[in-house]
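The structure appears right after this line, and notes come after that.
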Amino acid sequence: MKIVCIGRNYGEHTKELGNAVPDEPVVFLKPPSALIPRNSPINLPAFSTDVHHEIELVYAIGRRNGRAVADKVTIGLDLTARDVQQELKSKGLPWEKAKSFDGSAYVADAFTALESFPSSGHTIEFMLKKNGQVVQSGHSGQMIFPVDALIAHVERYMTLEPGDLLFTGTPAGVGGLAHGDRLEGYLLGELLFDLEVKGPASQR
Ligand code: ZN
């Protein structure tokens, strides 16, 4: 199983980090060891003092007629050590230390089958609350590259297999996490996760 992630796929978020709107999808990977286990809090790593929340639509990949397709959808968190990422970006280096560390990915348990949506014109709304306040909200219609285009693009480089997960980018409103924060994620108005944040002992 692999976790494929897309960066800079929402215009407002791309601008808030001072990046140009990409002319093709930005792709990176997280290993399976990045996944936060069920019933575990978010444990912030000691090597960063600026881990950001990024809520994203996460699609599970299936295959139909020999082709990779988005089968079902949920929400997840692409946790990003922004201080480390800025340093890597400034040196032109890959992002793995900032994006792929243990505990950098959360995927909610409850998926919704995409066939339960009308075939066209639907948008999938999602939202993140931090300590009870809405900090990020968006919907699938705001993606610069929609999920089918992302799958086609990724597959020019690597095969997507059933069970792979595709993170599709975050809307505006990313921000830092601290010990004691609480994150609640909503898909289509329904609460799918409620996670506690624990800082490293050195930052409590
Ligand atoms: Zn992201």
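The values are calculated or read from the model by the stated rules, or taken from the named source; none is laboratory data. Keep in mind that what you see is a predicted model, and the values were worked out from it rather than measured. All Cβ positions, even for glycine, are placed from backbone atoms using ideal geometry, and neighbour counts span all protein chains on display. All accessible areas refer to the heavy atoms of the entire protein, side chains included, with ligands and DNA or RNA removed. Shrake-Rupley method; radii C 1.70, N 1.55, O 1.52, S 1.80 Å.
Comparing 89, 130, 99 in a Gaussian network model of the chain (Cα springs below 10 Å), the most mobile by mean-square fluctuation is 89. Over the chain, DSSP H runs of length four or greater, each weighted -39,500 (n - 2.57), average out per residue to a 222 nm ellipticity of -3000 deg cm²/dmol. Taking the square roots of 5 times each eigenvalue of the Cα gyration tensor of the range 1-116, largest first, gives ellipsoid semi-axes of 25, 19, 13 Å.
Highest GNM mean-square fluctuation among 82, 156, 182, for the chain modelled with Cα contacts below 10 Å: 156. First obtain the Kirkwood hydrodynamic radius of the range 87-204 from its Cα pairs, then insert it into the Stokes-Einstein equation at 10 °C and 1.306 mPa s, and state the resulting D in µm² per second as a whole number. D = 94 µm²/s.
Note on the chain: the C-alpha convex hull projects to 11.1 nm² when averaged across all orientations.
Under the combined filter of DSSP loop state and at most 14 neighbouring Cβ atoms within 10 Å, the range 1-49 retains these chymotrypsin sites (Phe, Trp or Tyr not before Pro): 47. In the range 101-155, the C-alpha radius of gyration followed by the widest Cα-Cα span (Dmax) gives 14.1, 39 angstrom. The residues of the chain expose on average 47 square angstrom of accessible surface per residue, using a 1.4 Å probe on protein heavy atoms. Just grab the label-to-label distance for residue 19 and residue 65, each label 7 Å out from Cα along the Cβ direction, in nm (one decimal). According to this spin-label approximation, the distance is 3.3 nm. Between the alpha-carbon centres of the range 159-204 and the range 33-60 there is a gap of 6 Å.
What a 1.4 Å probe finds exposed on the chain is 49% carbon and sulfur by accessible area, rounded to a whole percent.
Would you mind telling me which residue in 23, 71, 109 has the biggest mean-square fluctuation in a Gaussian network model of the chain, where springs connect alpha carbons within a distance under 10 angstrom? Residue with maximal mean-square fluctuation among 23, 71, 109: 23. With the simple model of a label 7 Å out from the Cα in the direction of the Cβ, residue 135 to residue 2 spans 3.0 nm.
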